[in-house]
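Asker: Below: one structure in structure tokens.
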Amino acid sequence: MYEDLNQKEMEILFFIKKIIETQGFSPTVREICKGVGLKSPSSVHGYLERLEAKGYIEKSAMKNRTVIIKNQDSDMMLAKKQTVDIPIIGRVAAGSPIFASENIEDTFPIPTSLTENKDLFMLKVFGDSMINIGILDGDYVLIEKRSTAKNGDIVLALIDDSATIKRFFKEEKNYRLQPENDNMDPIITNNLEILGHVIGLYRDLI
């Protein structure tokens, strides 16, 4: 078994397997570089292409981090039950429900341990209103569907058919959605819908 792999290909394959088993999703190219002692991301891309050509892995065209171990031997196969795909919501179209099919861009695999008793989805971030807490333009935030919030929670709120991520505060006569950006003013409103709470963040590192 693995007779068609050289030493470095096997090292990368087993490193990917180890990371998938421990964190539920595959490593980035830079993580592979560090893990197997390579300096060039282009070298890793070359090894991944060869592993894919030999049928050991499958890379997603949509997600840089997603690699699936394809070898069918039990010691190398990632069990489907270890992960579950959750929807990735892109830019929300005005006037359409946020979970409408036209708003779902893709899916993302996360460990089943994170989804226990939770209804989760991911949302792509547009803009820099939350940069003070490290949520950047182009990031993906992991959101748990909820309809209520307490002061200080980071929420996804719907206002006039527009979804926004802000810190939530209920004041005496209105709601305040506070950005985490010193150059932006809060949104003051009497009418909003809480869609969920931000509970995690994913960022491509390559």
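The values are calculated or read from the model by the stated rules, or taken from the named source; none is laboratory data. Keep in mind it's a predicted model, so treat the numbers as computed, not measured. Please note: Cβ atoms are built from the backbone with ideal geometry, for glycine as well, and neighbour counts cover all protein chains shown.
Asker: Among (1) in a helix (DSSP H, G or I); (2) surrounded by fewer than 17 Cβ atoms within 10 Å (Cβ to Cβ), where does E3 come up short?
Answerer: (1)
Asker: Output yes when any residue across the stretch 155-177 is of a type in the set (G, A, S), modelled with pLDDT of 85 or more, within 21 Å of I86 (Cβ to Cβ) and in contact with an Asp or Glu (Cβ under 8 Å, 6 or more places away or on another chain), and no when none is.
Answerer: yes
Asker: Is one or more of the residues making up the stretch 154-165 more than 23 Å from the chain's Cα centre (by Cα) and not β-branched (V, I, T)?
Answerer: First, pick out the residues of the stretch 154-165 that are more than 23 Å from the chain's Cα centre (by Cα): 159-161.
Still in the list and also not β-branched (V, I, T): 160-161.
Yes, there is a match, as at least one residue in the stretch 154-165 is more than 23 Å from the chain's Cα centre (by Cα) and not β-branched (V, I, T).
Asker: Filter the stretch 152-175 for residues that are more than 24 Å from I110 (Cβ to Cβ) and assigned to a loop (DSSP other than H, G, I, E, B) and give the result.
Answerer: Residues satisfying the conditions are G152, D160, D161, E171, E172, K173, N174.
Residues checked against (1) more than 18 Å from the chain's Cα centre (by Cα); (2) assigned to a strand (DSSP E or B); (3) crowded, with 17+ Cβ neighbours inside 10 Å; (4) at pLDDT below 80:
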residue: I12; (1), (2), (3), (4): yes, no, yes, no
residue: E21; (1), (2), (3), (4): no, no, no, yes
residue: K39; (1), (2), (3), (4): yes, no, no, no
residue: G46; (1), (2), (3), (4): yes, no, no, no
residue: M62; (1), (2), (3), (4): no, no, no, yes
residue: M76; (1), (2), (3), (4): yes, no, no, yes
residue: G95; (1), (2), (3), (4): yes, no, no, yes
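Asker: Would you confirm, using the coordinates I've provided, whether A149 is at pLDDT 90 or above, in a loop (DSSP other than H, G, I, E, B) and small (G, A, S)? Before the answer, list the steps.
Answerer: Values: at pLDDT 90 or above: yes; in a loop (DSSP other than H, G, I, E, B): yes; small (G, A, S): yes.
Against the criterion (at pLDDT 90 or above, in a loop (DSSP other than H, G, I, E, B) and small (G, A, S)), A149 qualifies.
Asker: For the list (1) exposed (fewer than 12 other Cβ atoms within 10 Å of the Cβ); (2) part of a loop (DSSP other than H, G, I, E, B), I need the number of the one condition that S113 fails.
Answerer: Here S113 meets the rest and fails (2).
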